[in-house]
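In what follows, a single structure is set out as structure tokens and then discussed.
The values are calculated or read from the model by the stated rules, or taken from the named source; none is laboratory data. If you're wondering where the values come from, they're calculated on a predicted model, not measured in any experiment. Glycine also receives a Cβ, built like all others from the backbone with ideal geometry; neighbour counts cover every protein chain displayed.
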Amino acid sequence: MGQILHRLWRPAVAWNKRNDDELRGQNVSADKLKSLLRLWSTSDVMRRMKIRIEDASVKDLDQLCEIEAECFKKEAFTRRQMAQLLADYNSISLLAKENSAVIGFIMGAVRFDGKQLTGHILTLDVRPAHRRRGIGRRLLQELENIFRKKNIVECYLEAREDNVAALKLYERLGYRPIRKLSNYYGDTHGIYLRKILTQF
């Protein structure tokens, strides 16, 4: 996200600096001054348009269900399932906001496998219009950090076998396939992945 915003406002910053030099010892027309003020204002707005990661709660249910349906269609969690996850003590839900708009979220759970606590990513959603901005990566890393603070050393998730973009992201972040899940998504196989969480 930072790289995208930086690339957008770099020309504005450079232009401001160049025109700041022109202001010294020179008379500036009213039109040019207005133009500079508009540019500085736009730059300030863009600086404020940063993604915030916050805890999700039941009050966010409507927006989360809308995004879940938009991302996963017939494979989406039901509203009831989403509500149960948001209320579950062992579940962790985070959302990504740009200004006041929710543009993505992640849900995970802490589980006990008989020997130790493990983390499980249940769903990771980013609105299509906001993808390729590092939002999914940031949500996943934030949840992993919460798992680490709970002394969890292994994290698991599932992904569709044909979801190449998601699999590449998970691989870059250290997830490795364990096994194929036959017909896990109806007529499509799934891949079960694991990551060893290194501690801080």
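Structural remarks
- The range 103-143, residues that are in contact with a strand residue (DSSP E or B) (Cβ under 6 Å, 6 or more places away or on another chain) and not hydrophobic (A, V, I, L, M, F, W, C): Gly104, Gly108, Arg111, Thr118, Gly119, His120, Thr123, Asp125, Arg127, His130, Gly136, Glu142
- Within the range 130-151, the set of residues being among the basic types (Lys, Arg) and not in a loop (DSSP other than H, G, I, E, B) comprises Arg137, Arg138, Arg148, Lys149.
- Of all the residues in the range 70-129, those that are assigned to a strand (DSSP E or B) and farther than 18 Å from Leu169 by Cβ number 14.
- Test result for Asn151, out of contact with any Pro (no Cβ under 8 Å at 6 or more places or on another chain), exposed (fewer than 15 other Cβ atoms within 10 Å of the Cβ) and at pLDDT 95 or above: no
- Test: residue in the range 129-138 that is without any contact (Cβ under 8 Å) to a residue 24 or more places away in the chain and over 13 Å from the mean Cα position of the chain (by Cα): no
- Within the range 174-199, if we keep just the residues that are touching a strand residue (DSSP E or B) at 6+ places or on another chain (Cβ under 7 Å) and in a loop (DSSP other than H, G, I, E, B), the residue that is surrounded by the most Cβ atoms within 10 Å (Cβ to Cβ) turns out to be Tyr175.
- From the list Arg172, Arg132, the one residue that fits, being within 27 Å of Lys74 (Cα to Cα), basic (Lys, Arg) and assigned by TED's automatic domain parsing to the domain that holds Ser93, is Arg132.
- Checked against the criteria, Gly119 counts as farther than 20 Å from Phe72 by Cβ and at pLDDT 95 or above.
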